[in-house]
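The values are calculated or read from the model by the stated rules, or taken from the named source; none is laboratory data. As the structure is a computational prediction, the values presented were derived from the model and not from experiment. Using ideal geometry, Cβ is built from the backbone for each residue, glycine included, and neighbour counts are taken over all protein chains shown. Accessible surface is based on the protein model in full, side chains and every heavy atom, while ligands, DNA and RNA are left aside. Shrake-Rupley method; radii C 1.70, N 1.55, O 1.52, S 1.80 Å.
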Amino acid sequence: MHFEIYVAVAGFIVGMAVGATGMGGGALMTPILVLLFKVQPLAAVSSDLVASLIMKPFGAAIHIGSHTVRWPLVRWLALGSVPAAFLGVIFLRSLGNGHAVQNVVSIALGCAVLLAVVAVAVKALIDRRRGVAPITRPEPLRVRPLPTLALGALTGFIVGITSVGSGTLVVIALLFLYPRLRGSQLVGTDLTQAIPMVAAAALAHILYGDFQLSLTLSIIAGSIPGVVLGSVLSSRAPTGVVRVVLCVVLLVSGLKLVNVPTADVGIALAAGMVGAGAVLAYVARIRPQSWRRELPEPPAESEAVAA
């Protein structure tokens, strides 16, 4: 394919976003493939999932070395997400082939992306309410098994259909379930738990023959160095700018995927850029401490399971 080099460049940019924030992988890469490179939605979902399976372990390894992964959460999330991701692909294939199923995937992808925008915005509001807490001795994590298992199952099903959600939706849900988790813990736990979930969805897509090998290799070539660089930067630089930009890009992509007219998408893009600039200026003025580097995370002493 003549655009493979550009796909690799796109993969590098998306990889940096994933490594830095734990979100934006499928929500960015799949719409880019569909809207910019005109890849069929089903092939885009399949190829992005297979590429993510190769990409995520690199970012997760860095966070594991930094002791920012909460393993009990990873185990409970995977218990629900692995079978649900496989079932999501089976459900998708039960709809048939041809233009109809491609349109279903495109609409579902757009809805998932717009949901991701809401998730990122909600996370910003939660962060604002929590403020910047002083660094104290970490408290043992009290795991909530059933809600965590349900979160994994729901997210896995969505990922199997759209490739979106392994980062954005899990991060915001973990914030609600475990509000004491630090940002670095959210990113590290999310990247690690996504590996078995994405593996299940990718395997199902490979078995059905949906993915394109050359397209997948192009994504991998750019995304691996991108996610490594982003993961390194995530503990050294603020992620506020990245998340605001992600919101704007995801909003435009989601509207386009659900067939909103181009003129209206342009208006949304202009409004989003103005709003993003205002938000960044406001945060920089009233909360300059939120742009500072987060201190390294000490290893966890113990993890408790809530009754």
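Numerical summary
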{"quantity": "Residues that are at positive phi and either in contact with a strand residue (DSSP E or B) (Cβ under 9 Å, 6 or more places away or on another chain) or open to solvent by 20 Å² or more (accessible area, probe 1.4 Å) (or both), drawn from segment 158-214", "calculated": "Gly209"}
{"quantity": "Among (1) modelled with pLDDT of 75 or more; (2) among the β-branched types (Val, Ile, Thr); (3) assigned to a helix (DSSP H, G or I), the one test that Val260 misses", "calculated": "(3)"}
{"quantity": "Members of segment 35-49 that are open to solvent by 20 Å² or more (accessible area, probe 1.4 Å) and part of a helix (DSSP H, G or I)", "calculated": "Leu35, Leu36"}
{"quantity": "Residues of segment 46-101 satisfying the condition of being closer than 26 Å to Ser223 by Cβ and of a type in the set (S, T, N, Q)", "calculated": "Ser46, Ser47, Ser52, Ser66, Thr68, Ser81"}
{"quantity": "One residue from Val104, Val74 being modelled with pLDDT under 80, open to solvent by less than 70 Å² (accessible area, probe 1.4 Å) and in a helix (DSSP H, G or I)", "calculated": "Val104"}
{"quantity": "Candidates Ala51, Ala116, Ala133 - the one that is modelled with pLDDT under 85 and within 29 Å of Phe37 (Cβ to Cβ)", "calculated": "Ala116"}
